[in-house]
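The values are calculated or read from the model by the stated rules, or taken from the named source; none is laboratory data. What you are looking at is a predicted structure, and each value in this text was computed from that prediction instead of being measured. Here Cβ is always computed from backbone atoms with ideal geometry, including for glycine, and neighbour counts include all displayed protein chains.
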Amino acid sequence: MLVLKTIIIGATSGIGKAVAVRLLKDGWSVGIAGRRLGALVEIASTCENAIPQQIDITDEDATAEFVTFKILSHDYEDGRWRVR
């Protein structure tokens with residue numbers, strides 16, 4: 001089974017949120033990232049395939065870690081990151 005994954009940074013409002021919600025509804029596993037934790041939690045509460053992470057993209061190390069470690073090499077299940 002093919003699992004489609006993507007990351008949307010800035011997923012808490014505007015175009016980023018609209019794209020994230022659309023992909024989630026289409027069955028994608030979407031890493032949603034942004035500064036506003038409450039907005040991320042709200043999106044994730046309506047879509048089980050959302051992977052929320054509060055980050056500040058001006059922190060290059062945190063952004064790189066989110067993309068490479070959590071999304072590409074791990075799965076999010078039952079509220080925890082799991083190694084494949």
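Against the condition outside any strand (DSSP E or B) and at pLDDT 80 or above, how does A44 come out, does it pass? So A44 passes the test. One residue is enough: does segment 4-12 have a residue meeting the conditions in a helix (DSSP H, G or I), surrounded by fewer than 17 Cβ atoms within 10 Å (Cβ to Cβ) and free of Cβ contacts under 8 Å to residues at least 40 places away in the same chain? No, that holds for no residue.
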